[in-house]
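Below is one structure, written out as structure tokens; comments come after it.
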Amino acid sequence: MERVDVTGEVCPRPALIVRRHLSELEPGEELLVRGDYPPAEENLRRTCTKHGFEVTGKQAGNGSTDASAFELKITVTDDAGLR
Amino acid sequence: MSDHRSGPAGPRLTEYAELHGCSCKVGQGNLDELLSRAGLDGDQNDLLFGVGEDAGARQLRQDLALVQTVDFFTPIVDDPYDFGRVAACNAASDAFATGATDDLSCLVVLGLPRELRDHAPAILRGMADLLDGVGGVVAGGHTTLNPWPFAGGAVTATAHPEHLLTARTARPGDRLYLTKPLGTQPAMGALRVGDGEFGETVREATDRPIEDIGEEALAWMTTPNRDAAVVAREHATAATDVTGFGLLGEATVLAGNAGVGVEIDRLPIVDGTLALSRLFGYGLADGESAETSGGLLVAVPGDGTADFEGELSGAGVFYRAVGRVTDGSGAALVEPKIERVRK
């Protein structure tokens with residue numbers, strides 16, 4: 001699984017960084033996104049879902065002391081597209 | 001951004017903040033919990049209205065009410081003079097949302113990191129100029145060193161008590177109006193990344209230069225809601241201003257405060273911001289994108305809309321009918337028509 005860490009990045013950069021990574025993946029592949037900027041989680045969920053990607057996620061627990069840390073697993077579906 | 005680029009060169013103001021403009025506002029759920037835990041969620045019998053509204057109001061005489069509010073936030077633009085204008089416009093807006101426009105004065109609240117102290121004069125001048133334009137004054141203030149910048153102020157204004165508006169008096173059947181287009185958050189976001197590694201992606205996403213979109217968003221953020229308020233208090237049943245919760249969030253607050261439902265069927269947006277919002281995941285098409293120094297959301301009875309619209313037009317105030325108040329609950333978008341607006 002591909003991974004990208006957007007910890008420390010503020011909007012709108014997380015969405016743009018994730019978009020760049022997703023553009024290199026094929027349907028069926030997954031991207032694990034880790035971050036710590038609360039609005040970014042909601043924005044990533046929104047933009048990925050609207051573009052046809054499947055998004056699942058949880059609060060990052062293991063090893064993280066930041067309550068706002070998150071992890072999202074984004075799956076490229078056959079319908080996903082970045083336009 | 002403006003002809004007043006007078007701040008020193010160097011670090012960009014927005015680089016010092018993780019959240020920008022009204023998007024740094026604490027969420028409604030967190031705020032409700034805070035007020036509840038502090039015991040501030042009960043009735044306030046000494047006031048005309050207070051916690052939960054855009055401002056607090058106290059009746060001083062039979063014919064005079066004092067309205068008080070405080071609002072400050074992190075930089076949404078890099079130019080310090082423009083930041084000051086937006087901050088003052090936004091702080092005064094909470095008073096205007098209640099219909100209070102007279103005797104306006106502002107106590108400035110300003111915090112800056114040590115390395116940005118030289119920006120203070122331009123920020124203050126921007127605030128003073130904006131307030132001067134609405135008949136207000138800077139009456140003093142408090143400045144402090146702080147790890148990230150913020151500016152705004154405590155604003156007082158007066159009005160006849162019968163002129164005051166709140167969000168809790170909207171009635172089923174009222175039409176809802178918005179007095180500025182939406183889209184400040186994606187417009188300002190695009191400027192923050194327009195020159196960097198994602199510049200090409202951002203510029204290709206929209207059919208307008210992002211500088212034009214940003215210029216227009218700034219013009220709206222520095223358009224005072226005073227003229228809209230003067231008309232609204234003659235015709236409206238309720239009003240609030242649209243800020244960090246976005247249009248749908250503010251409509252939800254209005255619906256909750258008034259015990260009514262709200263349906264939004266039109267979204268006027270600054271042309272070019274819809275594609276940027278889609279790129280950034282900001283939720284503008286869902287009414288969820290945070291606004292900074294946004295317009296008034298005004299509820300007007302059906303038989304008063306013609307006069308209301310006529311007077312807004314006469315005063316040169318932008319407006320769109322964006323929905324209606326129902327006897328339901330909560331706020332929702334109902335197949336909204338999206339209109340691209342150019343100033």
Principal axes of region B:254-336: Cα extent on each, largest first, Å
41, 33, 23
Listed by chain and number, the aspartates and glutamates with an alpha carbon less than 20 angstrom from that of A:Lys73, same-chain partners under 8 positions apart left out, are A:Glu2, A:Asp5, A:Glu9, A:Glu24, A:Glu26, A:Glu29, A:Glu30, A:Asp36, A:Glu41, A:Glu42, A:Glu54
Say we join alpha carbon atoms closer than 10 Å with springs in a Gaussian network model of chain B; which of B:Leu191, B:Leu178, B:Leu130 then has the biggest fluctuation?
B:Leu191
How big is the Cα convex hull of chain B in projection, averaged over all directions, in nm²?
16.9
Can you give me the long-range amide H partners of B:Ala238? Hydrogens built in the peptide plane at 1.01 Å from N, cutoff under 5 Å, separation of 5 or more residues or another chain.
B:Ala299
Given a Förster distance of 60 Å, report the FRET efficiency between A:Asp78 and B:Asp129 from their Cβ-Cβ distance, rounded to the nearest 0.05.
0.60
Coil-residue GluC sites (Glu not before Pro) of region B:176-205, DSSP, other Cβ within 10 Å capped at 11:
B:Glu197
Could you go through region B:216-231 in sequence order and give the Karplus-derived ³J(HN,Hα) for each residue, using 6.51 cos²θ - 1.76 cosθ + 1.60 with θ = phi - 60°, rounded to whole Hz, and x for Gly and Pro?
5, 4, 5, 4, 5, 5, 10, 8, x, 7, 4, 4, 5, 5, 4, 6
Given H placed on each backbone N at 1.01 Å, which residues far from B:Ser289 in sequence or on other chains put an amide H within less than 5 Å of it?
B:Leu247, B:Leu284
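What ranking do B:Asp227, B:Asp79, B:Asp32 get, fewest neighbouring Cβ atoms within 10 angstrom at the top?
Starting with the residue having the fewest Cβ neighbours, the order is B:Asp32, B:Asp227, B:Asp79.
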Fewest-first sequence of B:His142, A:His21, A:His51 by Cβ atoms within 10 Å of each Cβ:
B:His142, A:His21, A:His51
Net charge within 14 Å of B:Phe198 by Cβ-Cβ distance, Lys/Arg positive one each and Asp/Glu negative one each, not counting B:Phe198 itself?
0
Most mobile listed residue (A:Leu25, A:Leu72, A:Leu44) in chain A, GNM with C-alpha springs under 10 Å
A:Leu25
Take the Cα coordinates of region B:13-163, assign each an equal point scatterer, and use the Debye formula without solvent to give log10 I(q)/I(0) at q = 0.11, 0.20 Å⁻¹.
-0.45, -1.19
For B:Asp118 and B:Ala38, what does the FRET efficiency come to when R0 = 35 Å and r is the distance between their Cβ atoms, rounded to the nearest 0.05?
0.40
Starting from the alpha-carbon convex hull of the protein assembly as shown, give the projected area averaged over all orientations, in nm².
21.2
For region A:1-37, which GluC sites (Glu not before Pro) are both in a DSSP coil and crowded by at most 12 other Cβ atoms within 10 Å?
A:Glu24
Using a Gaussian network model on chain B with a 10 Å cutoff between Cα atoms, which of B:Leu112, B:Leu31, B:Leu312 fluctuates the most?
B:Leu31
Scattering profile of region B:175-341 at q = 0.08, 0.09, 0.12 Å⁻¹ [log10 I(q)/I(0), Debye over alpha-carbon scatterers]:
-0.23, -0.29, -0.51
Taking placed amide H atoms and a strict 5 Å upper bound, the residues 5 or more places from B:Ala139 or on another chain that come that close are B:Cys106, B:Leu107, B:Val108
Kindly write out, for region B:103-113 in residue order, the coupling ³J(HN,Hα) from the Karplus curve 6.51 cos²θ - 1.76 cosθ + 1.60 (θ = phi - 60°), rounded to whole Hz, with x marking Gly and Pro.
6, 6, 9, 10, 9, 6, 10, 9, x, 9, x
What is the Rg over Rh value, at two decimals, for region B:82-218, using alpha-carbon atoms and the Kirkwood definition of Rh?
1.05
Where the centroid of each part is defined by its Cα atoms, how far is region B:243-320 from region B:71-117 in Å?
21
How large is ³J(HN,Hα) for each residue in region B:182-192, as worked out from phi by the Karplus curve 6.51 cos²θ - 1.76 cosθ + 1.60 (θ = phi - 60°), to whole Hz, x for Gly and Pro?
9, x, 5, 5, x, 4, 6, x, 4, 5, 5
Rounded to the nearest 5, the percent of antiparallel DSSP beta bridges in the protein assembly as shown equals 70
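Every number in this text was worked out from the coordinates using simple rules, so none of it is lab data. Just so you know, these numbers come straight off a predicted model, no measurement behind them. Cβ coordinates were reconstructed from backbone atoms using ideal geometry, including for glycine residues, and neighbour counts include every protein chain displayed.
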